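First up is the structure itself, then whatever we jot down about it.
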Amino acid sequence: MNNFAMGGVNRYMFDNYIINPYNPATYAHLESTTFDMGLHYVRFNTDGENASQTTDNAGLRYFGLGFPIADRWGWAMGMVPHTEVGYEFTRIAQVDGMNSTSTYSGEGGLNKVYGGLGFEAIKDTNTTLSIGANFLYFFGPTQSMTRVSYDDGGAGTYSSVIEEGLNASDVNFDLGVHFRQDLTKALAKKRSKRIYFNFGASGMMPTTLKTRRRTEAYSSFSTPKDFVRNREDTIGMTLPFEAGGGFSFEFVDINKKSRFILGANLEYTNWSEFAVDDRNAGLNDSYTASLGMQYNPNERAIRGLLEIMRYRAGLRYTSTHINLNNESVTDYGMSFGLSIPLIASKSITSTSTTINLGAEFGIRGDNAIISEQYSKFIFGVSLTPSFWDEWFKRKKID
């Protein structure tokens, strides 16, 4: 996903050969059938009050399929992660003369399957306005565990454990709008220059997901487990309101056939309303500000790797939903990326097959409570129809 390497800017982001599931209005600009898929690898280095640890995670990050279906209409479907849970930290204290060790851990998250339409409501020489909507299906398990152990130094260790598993699945929808304006006449000083302004916004209303919950509470000195509670039930999990908007300026040099894009993005999620079984989770609202850029040295080139690659970079700041000591945990990230074309198409200005590489390096939290350094890497592939035209077209024999 190309916006990953641009600090996460995603509300205004559009390309005639790229799927942007975060704003369905951009589907209207698709000019060719496109398939996107990406894999990710993440490494976390966490430093807590009393210990540090390293964790790794890898898997399928996203996939999507989109294509134009009629004049001014575009359609796309696919899957992306919506929430991600992955943490483990330990606190050690003295309670009534005994050593107390509390361990909190969690993993999993929600995936989002989307399918939507985009429509270009206004289209003239200088201005386009598009609207769109996604039908969304959420699913995915989340596991959490709290373990409190007491060691009196003599009789042994006593542990109290609570494990909770949540498996949610339900539907919702989101809406998007995209506006593009040609500013060449107003701002460009040379005939060979073109300047465009893009604005995009999208949002999702809150909903309650039907969730299957499994709870186990037990205590023991060793094994077997002495169950205090073992229960399964169906509850509701509130998914909060979210919205975001962004804008960009595109600078095109017709003579050099180059394009430079500079954009900014703001996002908000009302996590303070997140609740499980009508119990508020005590989270904070999250805010994200992103700045990203992309540079194409020569959009028309079919030779010279450095000329035809797309270069991306971005910065991101997030005030996260995580609440520690009544304060939000901050998250800073810096990202870089490349798009490397493999098969040039003579019929379109993009390329038939593109390898997308992205990396983000960030810091979450601070040393006063907990500090986490992470590295994220994405490897993606984008395919457009001329790939099939060149490689799978039936050959004619004279």
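Could you count how many residues in the range 82-120 are among the aliphatic types (A, V, I, L, M) and within 28 Å of the chain's Cα centre (by Cα)? Can you show your working first?
First, the residues of the range 82-120 that are among the aliphatic types (A, V, I, L, M): 85, 92-93, 95, 98, 110, 113, 117.
Checking the rest, the ones that are also within 28 Å of the chain's Cα centre (by Cα) come to 85, 110, 113, 117.
Residues in the range 82-120 being among the aliphatic types (A, V, I, L, M) and within 28 Å of the chain's Cα centre (by Cα): 4 in total.
State all residues of the range 90-120 that are in contact (Cβ under 8 Å) with a residue 24 or more places away in the chain and among the hydrophobic types (A, V, I, L, M, F, W, C); if no residue qualifies, say none. Walk me through how you get there before you give the answer.
So the first thing to find is which residues in the range 90-120 are in contact (Cβ under 8 Å) with a residue 24 or more places away in the chain, and the list is 90-92, 95, 97-120.
The answer is ILE92, VAL95, MET98, LEU110, VAL113, LEU117, PHE119.
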- Query: How many of the residues making up the range 297-332 are closer than 29 Å to SER286 by Cα and among the small types (Gly, Ala, Ser)?
  - Reply: 4
- Item | Selection within the range 209-239 - at pLDDT below 85 and acidic (Asp, Glu) | ASP226
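For the range 241-271, give me the residue count where each residue is outside any strand (DSSP E or B) and either modelled with pLDDT of 95 or more or of a type in the set (A, V, I, L, M, F, W, C) (or both). Lay out the reasoning, then the answer.
Initial filter on the range 241-271 (outside any strand (DSSP E or B)): 241, 254-257, 270-271.
Among the residues that remain, those that are also either modelled with pLDDT of 95 or more or of a type in the set (A, V, I, L, M, F, W, C) (or both) are: 241, 254, 270-271.
Of the residues in the range 241-271, 4 are outside any strand (DSSP E or B) and either modelled with pLDDT of 95 or more or of a type in the set (A, V, I, L, M, F, W, C) (or both).
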- Task: Evaluate the following for VAL85: is it within 26 Å of ASP277 (Cβ to Cβ), in contact (Cβ under 8 Å) with a residue 12 or more places away in the chain and among the hydrophobic types (A, V, I, L, M, F, W, C)?
- Result: yes
- When the range 198-211 is checked residue by residue, the ones that are more than 23 Å from TYR268 (Cα to Cα) and either touching a residue at least 60 places away in the same chain (Cβ under 8 Å) or crowded, with 17+ Cβ neighbours inside 10 Å (or both) are THR211
- Flagged pairs (Cβ under 6 angstrom, 6 or more apart or on separate chains; first in the range 124-147, at pLDDT 95 or above; second hydroxyl-bearing (Ser, Thr, Tyr) and outside any strand (DSSP E or B)) are GLY132/TYR27
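When you check LYS190 against the structure, is it out of contact with any helix residue (DSSP H, G or I) (no Cβ under 6 Å at 6 or more places or on another chain), part of a loop (DSSP other than H, G, I, E, B) and either surrounded by fewer than 17 Cβ atoms within 10 Å (Cβ to Cβ) or among the aromatic types (Phe, Trp, Tyr) (or both), yes or no? Steps first, answer last, please.
Numbers: out of contact with any helix residue (DSSP H, G or I) (no Cβ under 6 Å at 6 or more places or on another chain): yes; part of a loop (DSSP other than H, G, I, E, B): yes; either surrounded by fewer than 17 Cβ atoms within 10 Å (Cβ to Cβ) or among the aromatic types (Phe, Trp, Tyr) (or both): yes.
Yes; evaluated as a whole, the condition is true for this residue.
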- Return the only residue of SER102, SER202, SER144 being out of contact with any Asp or Glu (no Cβ under 9 Å at 6 or more places or on another chain), farther than 30 Å from LYS257 by Cα and in a strand (DSSP E or B). SER102
- Item | Residues being without any contact (Cβ under 8 Å) to a residue 60 or more places away in the chain and small (Gly, Ala, Ser) - total across the range 252-298 | 7
- Task: State whether the residues of the range 81-93 include one that is surrounded by 24 or more Cβ atoms within 10 Å (Cβ to Cβ) and either modelled with pLDDT of 85 or more or among the basic types (Lys, Arg) (or both).
- Result: no
- Item | Those residues of the range 59-73 which are out of contact with any Lys or Arg (no Cβ under 8 Å at 6 or more places or on another chain), over 12 Å from PRO21 (Cα atoms) and not β-branched (Val, Ile, Thr), in sequence order | GLY59, LEU60, ARG61, PHE67, PRO68, ALA70, ASP71, TRP73
- Query: What about LEU65, is it farther than 30 Å from SER105 by Cα and not aromatic (Phe, Trp, Tyr)?
  - Reply: yes
- Query: Does PHE67 satisfy the condition of being of a type in the set (Phe, Trp, Tyr) and at pLDDT 90 or above?
  - Reply: yes
- From the set of residues in the range 23-51 that are in a loop (DSSP other than H, G, I, E, B) and buried (at least 24 other Cβ atoms within 10 Å of the Cβ), which is modelled with the lowest pLDDT? LEU30
- Message: With within 30 Å of GLY282 (Cβ to Cβ), small (Gly, Ala, Ser), under 22 Å from the mean Cα position of the chain (by Cα) and at pLDDT 90 or above as the only criterion, which of SER375, SER339 stands out?
- Response: SER375
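I want to confirm something. Restricting to the range 103-132 and keeping residues that are on the phi < 0 side of the Ramachandran plot and small (Gly, Ala, Ser), which single residue is surrounded by the fewest Cβ atoms within 10 Å (Cβ to Cβ)? Outline the logic, then answer.
Restricting attention to the range 103-132, the residues satisfying the condition of being on the phi < 0 side of the Ramachandran plot are 103-107, 110-132.
Among the residues that remain, those that are also small (Gly, Ala, Ser) are: 105-106, 115-116, 118, 121, 130, 132.
On the way: SER105: 16, GLY106: 15, GLY115: 16, GLY116: 24, GLY118: 31, ALA121: 13, SER130: 27, GLY132: 26.
Here the residue is ALA121.
The values are calculated or read from the model by the stated rules, or taken from the named source; none is laboratory data. This structure is a prediction, so every number in the text was calculated from the model and none was measured. Positions of Cβ are backbone-derived with ideal geometry, glycine not excepted, and every protein chain shown enters the neighbour counts.
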